[in-house]
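The values are calculated or read from the model by the stated rules, or taken from the named source; none is laboratory data. These figures come from a predicted structure and were not determined experimentally. For neighbour counting, all protein chains shown are included, and Cβ atoms are generated from backbone atoms with ideal geometry for every residue, glycine included.
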């Protein structure tokens, strides 16, 4: 089977043609750099995503703090991870880099604050 992808790794946005047989990448063409080849093989065999969202803050000058994942997770785990994040609540003060959820769903990935939120009255 052949599939086509548009690479998202660099500004070239190469159009990649990939031949796949039994879930394995047989060939890749159209990439202008090695990073595109590496990306598309991962996209075919083990697609992963990273995302940012927010978490509620208790006792903070803001109601929420922006967070991100420390590393990409399997695409199939996005909704389960989001469900865990929705349950979370940080206590002010929150600082950039604070781990809000450690090893979320045992994926080896942390949910990390991306901004400071001061406690009310500080």
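Can you work out which of the residues in the range 69-122 that are without any contact (Cβ under 8 Å) to a residue 12 or more places away in the chain and part of a helix (DSSP H, G or I) is nearest to residue 53 (Cα to Cα)? Can you show your working first?
Within the range 69-122, the subset without any contact (Cβ under 8 Å) to a residue 12 or more places away in the chain is 76, 79, 83, 86-87, 102-103, 106, 121.
Adding the requirement that they be part of a helix (DSSP H, G or I) leaves 76, 79, 83, 86-87, 106.
Values: 76: 17, 79: 12, 83: 12, 86: 10, 87: 13, 106: 19 Å.
Checking each candidate, the answer is 86.
For the range 53-68, give me each residue that is part of a strand (DSSP E or B) and either free of Cβ contacts under 8 Å to residues at least 40 places away in the same chain or more than 14 Å from the chain's Cα centre (by Cα) (or both).
Residues of the range 53-68 that are part of a strand (DSSP E or B), as a first pass: 53-58, 60, 64-68.
Answer for the range 53-68, where residues must be part of a strand (DSSP E or B) and either free of Cβ contacts under 8 Å to residues at least 40 places away in the same chain or more than 14 Å from the chain's Cα centre (by Cα) (or both): 53, 54, 55, 56, 57, 58, 60, 64, 65.
Could you check how many residues of the range 24-36 are under 24 Å from the mean Cα position of the chain (by Cα) and either crowded, with 16+ Cβ neighbours inside 10 Å or outside the structural domain of residue 7 (by TED's automatic domain parsing) (or both)?
First pass over the range 24-36, keeping only residues under 24 Å from the mean Cα position of the chain (by Cα): 24-25, 31, 33-36.
Filter once more, so that each one left must be either crowded, with 16+ Cβ neighbours inside 10 Å or outside the structural domain of residue 7 (by TED's automatic domain parsing) (or both): 25, 31, 36.
Total satisfying the criteria: 3.
Which condition from (1) surrounded by fewer than 17 Cβ atoms within 10 Å (Cβ to Cβ); (2) out of contact with any strand residue (DSSP E or B) (no Cβ under 6 Å at 6 or more places or on another chain); (3) outside any loop (DSSP other than H, G, I, E, B) is the one that residue 39 breaks?
(1)
Within the range 42-52, track down each residue that is exposed (fewer than 14 other Cβ atoms within 10 Å of the Cβ) and part of a helix (DSSP H, G or I).
Filtering the range 42-52 down to residues exposed (fewer than 14 other Cβ atoms within 10 Å of the Cβ) leaves 42, 45-47, 49-52.
Hits for the range 42-52 are 42, 45.
In the range 10-23, is there at least one residue being in a loop (DSSP other than H, G, I, E, B), free of Cβ contacts under 8 Å to residues at least 12 places away in the same chain and in the same structural domain as residue 91 (by TED's automatic domain parsing)?
Initially, the range 10-23 is screened for residues in a loop (DSSP other than H, G, I, E, B), giving 10-14, 22-23.
With free of Cβ contacts under 8 Å to residues at least 12 places away in the same chain added as a condition, the list becomes 11, 13, 22.
Now restrict to residues that are in the same structural domain as residue 91 (by TED's automatic domain parsing): none.
No, every residue in the range 10-23 fails to be in a loop (DSSP other than H, G, I, E, B), free of Cβ contacts under 8 Å to residues at least 12 places away in the same chain and in the same structural domain as residue 91 (by TED's automatic domain parsing).
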